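S.K.: Encoded as structure tokens, here's the structure I'll be asking about.
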Amino acid sequence: MGGGGQVDTTAANNANTALYTTFTIFGILGGGIYNILGPQVTLISACSTYVLYAGSFLYYNHHKHQAFAIAAGAILGIGAGLLWAAEGAIMTSYPPPNRKGTYISIFWSIFNMGGVIGGLIPFILNYNRNEAVSVNDGTYIGFMCFMSAGALLSLVILPPGRVIRDDGTHCTNIEYSNVSTEITQVLKLFSNWKMLLIFPASWASNFFYSYQFNNVNGLQFNLRTRGLNNVFYWGAQMLGSVGIGYIFDFSFPTRRKRGFVGIVVVALLGSAIWAGGLANQLNYSHDKPPAKLDFKNSGSDFAGPFVLYFCYGLLDAMFQSMVYWVIGALADDSETLSRYSGFYKGVQSAGAAVAWQVDTHKVPLLSQLVVNWSLTTISYPLLVILVLLAVKDEKSPEESTNSKEVALPPADDGAVGGLTKLS
């Protein structure tokens, strides 16, 4: 909703600082925690922190004390780290290898419905106002009920060992891990060459939010139009995720070729969109702010910046779906993918925290755009190298049928025994 639904965004900004600080830490640790606790305990614990955060702003509506909101923000950062690690593991390890793009796009579409609703609320509240108003108690209570229902629904999610796909294959046979194993494995991520190649994309993937939200939508449009723009920004994400998901799953017979094509498509589209952003940015700055645009009264002047902001949403979904697809293609087991997803979200959150401070210190807008464009551009060749070196094409049905199950010897302390398939 922007600013936690408050006119004065100070409390929300301070809460977000606390949130991203803990999110960075627990994003990285989240994969290990998920591997120890499993999906149900991890998800209901994580989702409960969102209810607390919404409740803190219900409290703030009446008492205007920031302390509760800031503390709830820090706790939400812990929960968000757990939620995104679990979500990343589920959407990349539960589907068959040739349908991971589809599952990612389904998740991304559902996820961005929240953004659409969050944009509609201030748009409706402020449609006939010249000054903004904070949302009422009922809005916060409604969100708390919705979040509580989501938390309870997480209890019906099966652990990966019990998931059987439509084609009869099992998701994974890996059992829950232990603390010492996960600490070791999480620390190894920082020297894992695959994660190092994905680091720039992780850092870039939320870094552009402060520029797009504050310095494109915030500076160029009036109050009610900003809410309308956000409806279309998050709606564009739904379209972008579906489109890139199709390319990653159905465009070519082999997984590696689909990966290469998908990355090239995002790179070309991203370059075109950032070039349009550059043309737009040359028209204003902090020292020369633009006139506020209104969707009803500004005529054709509204169209260009609106389409640009819509395209920014499209690119965000395609870029992040691309990164998730690459992560999902690096492995098939839930244990590994939960760690990879957690690492991605941790680095992403660290980048976002830095980006918000960059904007707070009023770094020139053109410099912010150039940095954002550069970070995303650097990511593409590194992801191509990663797909080239680490992503394997799926086995043919004949190869899968002829695979042999071989029993492993008894496991040492902390190791996992069981069955593995060797070609």
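S.K.: Taking 0.36 nm per intervening residue step and subtracting the Cα-Cα distance, what contour gain separates Lys257 from Thr9 on full extension?
M.R.: Numbers: separation 248, 0.36 × 248 = 89.28 nm, distance 4.59 nm.
So the chain would gain 84.7 nm between Lys257 and Thr9.
S.K.: Rounded to the nearest whole Å², what accessible area per residue is found for the chain with the 1.4 Å probe? Intermediate results must be reported in sequence, preceding the final value.
M.R.: Numbers: 18990 Å² over 423 residues.
Accessible area per residue, the chain: 45 Å².
S.K.: Related question: Label the range 194-264 by shape, choosing from rounded, prolate and oblate, from the square roots a ≥ b ≥ c of the eigenvalues of the Cα gyration tensor; if a/c is under 1.5 it is rounded, and otherwise prolate applies when a/b is larger than b/c, oblate when it is not.
M.R.: Numbers: a/c = 4.53, a/b = 1.76, b/c = 2.58.
Because a/c hits 1.5 or more and a/b fails to exceed b/c, the range 194-264 counts as oblate.
S.K.: Follow-up. Per-residue HN-Hα couplings for the range 273-281, Karplus 6.51 cos²θ - 1.76 cosθ + 1.60 at θ = phi - 60°, whole Hz, x for Gly and Pro?
M.R.: Along the range 273-281, the couplings run 5, 5, 5, x, x, 4, 4, 5, 5 Hz.
S.K.: Provide the gained length on full extension for the span Asn297 to Ser191, in nm with one decimal, where the gain is 0.36 nm per separating residue minus the Cα-Cα distance.
M.R.: 32.7 nm
S.K.: Compute the helix-to-body angle for 365-390: its Cα long axis versus the longest principal axis of the chain, expressed 0 to 90° and rounded to tens.
M.R.: Here the helix axis deviates by roughly 10 degrees.
S.K.: In nm, to one decimal, how far is the modelled label at Val156 from the one at His62, with both set 7 Å along Cα→Cβ?
M.R.: Label at Val156, label at His62, 3.3 nm between them.
S.K.: Taking the 0 to 90 degree range and rounding to the nearest ten, how far is the long axis of helix 137-153 tilted relative to the main principal axis of the chain, both from C-alpha atoms?
M.R.: Orientation of helix 137-153: about 10 degrees from the principal axis.
S.K.: Report the local net charge at Tyr94: Lys and Arg +1, Asp and Glu -1, summed over other residues whose C-beta lies under 12 Å from its C-beta. Numbers along the way, then the final one.
M.R.: Numbers: positive: Arg99, Lys100, Arg162, Arg165; negative: Glu87, Asp166, Asp332, Asp333.
Combined, the nearby Lys, Arg, Asp and Glu give 0.
S.K.: Next question. Of Lys100/Lys392; Lys194/Lys392; Lys100/Lys188; Lys257/Lys345, which pairs sit farther than 18 Å apart, going by alpha carbon to alpha carbon? Don't skip to the end; give the middle numbers.
M.R.: Values: Lys100/Lys392 14 Å; Lys194/Lys392 14 Å; Lys100/Lys188 25 Å; Lys257/Lys345 26 Å.
From the list (Lys100/Lys392; Lys194/Lys392; Lys100/Lys188; Lys257/Lys345), the Cα-Cα distance tops 18 Å for Lys100/Lys188; Lys257/Lys345.
S.K.: Per the helix-only calculation at 222 nm, which mean residue ellipticity applies to the chain, given -39500 (n - 2.57) for every DSSP H run of n ≥ 4 and division by its residues, nearest 500 deg cm²/dmol? Display every interim value, and only then the final one.
M.R.: Values: 12 runs with 290 residues, N = 423.
My calculation for the chain gives -24000 deg cm²/dmol from helical runs alone.
S.K.: Separate question: Whose amide H sits under 5 Å from the amide H of Phe221, counting only residues 5 or more places off or on another chain, with H placed in the peptide plane?
M.R.: Answer set, sorted by chain and number: Leu293.
S.K.: A further question on this structure: Please give the net charge around Ile244, taking every other residue with its beta carbon less than 13 angstrom from that of Ile244, where Lys and Arg add +1 and Asp and Glu add -1.
M.R.: On the way: positive: Lys100, Arg258; negative: Asp249, Asp316.
After counting each charged neighbour, the total is 0.
S.K.: Compute the acute angle (0 to 90°) between the alpha-carbon long axis of helix 303-329 and the principal axis of greatest extent of the alpha-carbon atoms of the chain; round to the nearest 10°.
M.R.: The angle comes out near 20 degrees.
S.K.: If you don't mind, there's one more thing I want to ask. Would you work out what percent of the accessible area of the range 226-311, with all protein chains in place, is carbon or sulfur (probe 1.4 Å)?
M.R.: Numbers: 2720 of 4040 Å².
With neighbouring chains kept in place, the figure for the range 226-311 is 67 percent.
S.K.: Stretch Leu219-His361 to full length: gain in nm at 0.36 nm per residue minus the Cα-Cα span? Could you put the intermediate results ahead of the total?
M.R.: On the way: separation 142, 0.36 × 142 = 51.12 nm, distance 1.58 nm.
In short, 49.5 nm is gained.
S.K.: To the nearest 0.05, what FRET efficiency results for Tyr284 and Phe111 with a Förster distance of 41 Å applied to their C-beta separation?
M.R.: Numbers: r = 32 Å, r/R0 = 0.77.
For R0 = 41 Å, the calculated efficiency reads 0.85.
S.K.: Between Ile25 and Val179, with labels modelled 7 Å along Cα→Cβ, what's the label distance in nm to one decimal, could you check?
M.R.: The modelled label-to-label distance comes out at 1.6 nm.
S.K.: With only Lys, Arg, Asp and Glu charged, each at its Cβ (+1 for the first two, -1 for the last two), find how big the charge dipole of the chain is about the Cα centre; round to the nearest 20 debye.
M.R.: Details: 24 positive and 24 negative charges, 131 e Å.
Using Cβ point charges on Lys, Arg, Asp and Glu, the chain gives about 620 debye.
S.K.: Shifting gears a bit: Using mean Cβ contacts within 10 Å as the protection proxy, how do 231-244, 347-360 order, highest first? Don't jump to the answer; show the numbers that get you there.
M.R.: Numbers: 231-244: 22.0, 347-360: 19.9.
With the highest mean Cβ count within 10 Å placed first, the list reads 231-244, 347-360.
The values are calculated or read from the model by the stated rules, or taken from the named source; none is laboratory data. These figures come from a predicted structure and were not determined experimentally. Positions of Cβ are generated from backbone atoms using ideal geometry, with glycine treated the same way; all protein chains shown enter the neighbour counts. Heavy atoms of the whole protein, side chains included, go into the accessibility calculation; ligands, DNA and RNA do not. Shrake-Rupley method; radii C 1.70, N 1.55, O 1.52, S 1.80 Å.
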